[in-house]
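This is the structure I have questions about; it appears just below.
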Amino acid sequence: MHAIESMDQEILLFVKVHPRERMQAMQACVAGKPFPIIVDQSSDSRDVILASDIVVAPFSTMLVEACAL
């Protein structure tokens, strides 16, 4: 988050929450940041990937999908 906060570009961060994680916990984690953040659990992964400029994750099947697209 610190790297994103220091960027000079307009940023919209979209956080796709894993189905087994609690969305409320992630919302609390990103609250109060100086840029817009969308926290979502129901969006289609493919749609999110195709709309993204960058996909970042520690490990996820979503990363495999992003590489394939």
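Hey, if you put +1 on the Cβ of every Lys and Arg and -1 on every Asp and Glu Cβ in the chain, which of 4, 55, 23 ends up farthest toward the positive end of that dipole?
Of the listed residues, the answer is 23.
Only helical DSSP H runs with n ≥ 4 go in: add -39500 (n - 2.57) per run for the chain, normalise by residue count and round the 222 nm mean residue ellipticity to 500 deg cm²/dmol.
The helix-only estimate for the chain comes to -9000 deg cm²/dmol at 222 nm.
For Rg/Rh (Cα atoms, Kirkwood Rh), pick the label among (i) 1.21; (ii) 0.97; (iii) 0.95 that corresponds to the value derived from the coordinates.
Recomputing Rg/Rh (Cα atoms, Kirkwood Rh) here gives the entry labelled (iii).
Continuing with this model, one more query. Of the accessible area of the chain, with the probe set at 1.4 angstrom, what percent is carbon plus sulfur?
55
The values are calculated or read from the model by the stated rules, or taken from the named source; none is laboratory data. Every value quoted in this text rests on a predicted model; they were computed, and no experiment measured them. Positions of Cβ are backbone-derived with ideal geometry, glycine not excepted, and every protein chain shown enters the neighbour counts. In case anyone asks, the SASA skips ligands and DNA or RNA and just uses the protein heavy atoms, side chains included. Shrake-Rupley method; radii C 1.70, N 1.55, O 1.52, S 1.80 Å.
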